[in-house]
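Please treat every number below as a calculation from the coordinates, not as lab data. Small disclaimer: the values here were computed from a predicted structure and weren't measured. Here the Cβ positions follow ideal geometry from the backbone for every residue, glycine too, while neighbour counts run over all protein chains shown.
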């Protein structure tokens, strides 16, 4: 009997060998190319059929590049589009109302948006209060993590709160494990700790290549940063 994991790996290798097609494929005549793509289609269908499990995912968006919160909000919009409920809890942030918070108001009570910080550390200048606000945000976040009616929980900038020492990664992981089986959770922010990354199902690192603020002196602008 063939092990399912081994069969899945074989399919992955076969898909990689057949490639994406286009002019990356070695065939130059249409007949040979079509045969390759027909085989690729068959393999892809098998790969999809083999992976038929459904489970709540732990997703981490980290790295020095821009786009971590933006990526999480793409998931928020997608989830709302399917008629599900979402909760967004913002750690650290909170001293301003971003455009996305206003835009999501059209979904009414299907989306919860709680910004529970007071800004960057150099703006607040008060470690004790910052930590108090993180603890309060986490208390509220736990209520949504435990709520089976919430399909997606976004813990925005919680990685930064961990990095600053305001909450432990062990506390966060323990809370994430309390969620119902089909609830997804996203954790964003720079400097995600290795323990969090190891326990995540999906991890994406945003890489900084160019940034207009650093290189051109362009300020944060409406629709881009907030």
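Observations
- Normalising the average separation of contacting C-alpha pairs (under 8 angstrom, six or more residues apart) by the number of residues puts the relative contact order of segment 58-216 at 38 percent.
- Residue order, fewest to most beta carbons within 10 Å, for 135, 85, 28: 28, 135, 85
- 4 °C / 1.567 mPa s Stokes-Einstein diffusion coefficient of the chain, Kirkwood radius on C-alpha pairs, µm²/s: 64 µm²/s
- For the chain, built as a Gaussian network whose Cα springs stay under 10 Å, the top-fluctuating residue of 37, 206, 59: 37
- Rounded Å value of the spacing that divides the Cα centres of segment 24-73 and segment 151-171: 29 Å
- The slack between residue 222 and residue 78, meaning 0.36 nm per residue of separation minus the straight C-alpha distance, is 49.6 nm.
- Fewest-first ranking of 132, 82, using other Cβ atoms within 10 Å as the exposure measure: 82, 132
- Separation in nanometres of the label points that stand 7 Å from Cα toward Cβ, at residue 135 and residue 55: 3.4 nm
- Theoretical ellipticity at 222 nm over the chain - DSSP helices of four or more residues, -39500 (n - 2.57) apiece, nearest 500: -13500 deg cm²/dmol
- The modelled label-to-label distance between residue 199 and residue 32, using points 7 Å beyond Cα along the C-beta direction, is 5.3 nm.
- Rough spin-label spacing in nm, given labels placed 7 Å along Cα→Cβ, for residue 149 and residue 20: 4.3 nm
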